[in-house]
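The values are calculated or read from the model by the stated rules, or taken from the named source; none is laboratory data. Every value quoted in this text rests on a predicted model; they were computed, and no experiment measured them. Here Cβ is always computed from backbone atoms with ideal geometry, including for glycine, and neighbour counts include all displayed protein chains.
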Amino acid sequence: MIEIRWHGRGGQGAKTVSQILAQILMREGKHVQAFPEYGPERSGAPVKAYDRISDEEIRIHSGVYNPDIVAVIDETLLESENPTDGLKPDGVLIVNTPRSADEIRRKTGFQGKIIAFNATKVAQEAGTGFPNVPMLGAVVAVLGVDPQVAEEELKETLSHRLPPEVVEKNLKAFRAGYEAAKEVYVGS
């Protein structure tokens with residue numbers, strides 16, 4: 001089983017991308033769970049979202065305490081939260097940041113694999129402004145999921161609520177996040 005913990009702020013889409021990731025993996029025949037953890041906080045408050053992925057039925061129904069992957073959508077949470085808490089030593093930390101992986105390693109003390117890329121810039125260049133979708137692309141790359149399957153699900157999901165030109169911008173942001181992570185993850 002693979003467990004993922006997303007860290008973001010209310011309104012940044014951590015819950016949304018965790019659910020889209022689950023839908024992508026269901027297309028690949030996996031058993032999945034996706035759920036958020038937050039209280040009555042307002043927009044901007046720290047939130048967590050979780051994914052579990054398995055080839056077999058998942059019988060655990062709790063938060064993710066020892067994730068294989070942690071995705072930090074908002075770098076400021078490295079200051080106020082402890083996103084690496086419980087992250088497996090051989091896990092992967094993905095951070096939306098203009099800083100280098102070495103800087104993130106010094107800041108967090110995490111010695112495992114770190115993917116640091118500026119998902120906010122990627123999203124702005126794609127025309128979406130939201131870093132959650134490039135971060136989704138990065139997680140998909142780390143998981144080794146077929147990017148075409150992921151794009152199909154993303155397009156289908158977003159088409160229900162967004163105009164076609166915005167869907168295309170999100171697909172562009174997804175691809176850029178996927179490529180950025182793939183380059184760093186495979187190359188290190």
Neighbours by Cβ (under 6 Å, 6+ apart or cross-chain): first from segment 53-75, closer than 15 Å to ALA22 by Cβ; second modelled with pLDDT of 95 or more and hydroxyl-bearing (Ser, Thr, Tyr)
VAL64/TYR50
Filtered residue count, segment 51-67, keeping only those that are loosely packed, with under 10 Cβ neighbours inside 10 Å and of a type in the set (A, V, I, L, M)
0
Among the residues of segment 76-85, write down those that are touching a residue at least 40 places away in the same chain (Cβ under 8 Å), surrounded by fewer than 19 Cβ atoms within 10 Å (Cβ to Cβ) and under 17 Å from GLU3 (Cβ atoms).
none
Pick from VAL95, VAL47: which is modelled with pLDDT under 95, touching an Asp or Glu at 6+ places or on another chain (Cβ under 8 Å) and under 15 Å from PRO131 (Cβ atoms)?
VAL47
Right, VAL95: in contact (Cβ under 8 Å) with a residue 60 or more places away in the chain and at negative phi or not?
no
From the list VAL140, VAL167, which residue is free of Cβ contacts under 8 Å to residues at least 40 places away in the same chain and aliphatic (A, V, I, L, M)?
VAL167
Of the conditions (1) in contact with a helix residue (DSSP H, G or I) (Cβ under 6 Å, 6 or more places away or on another chain); (2) among the aliphatic types (A, V, I, L, M); (3) not in a strand (DSSP E or B), the single one that VAL32 does not satisfy is (3)
Test for LYS15: is it closer than 29 Å to GLN148 by Cα, surrounded by 15 or more Cβ atoms within 10 Å (Cβ to Cβ), among the charged types (D, E, K, R) and more than 17 Å from the chain's Cα centre (by Cα):
no
What about GLU153, is it surrounded by 17 or more Cβ atoms within 10 Å (Cβ to Cβ) and either closer than 18 Å to MET135 by Cβ or not polar (S, T, N, Q) (or both)?
yes
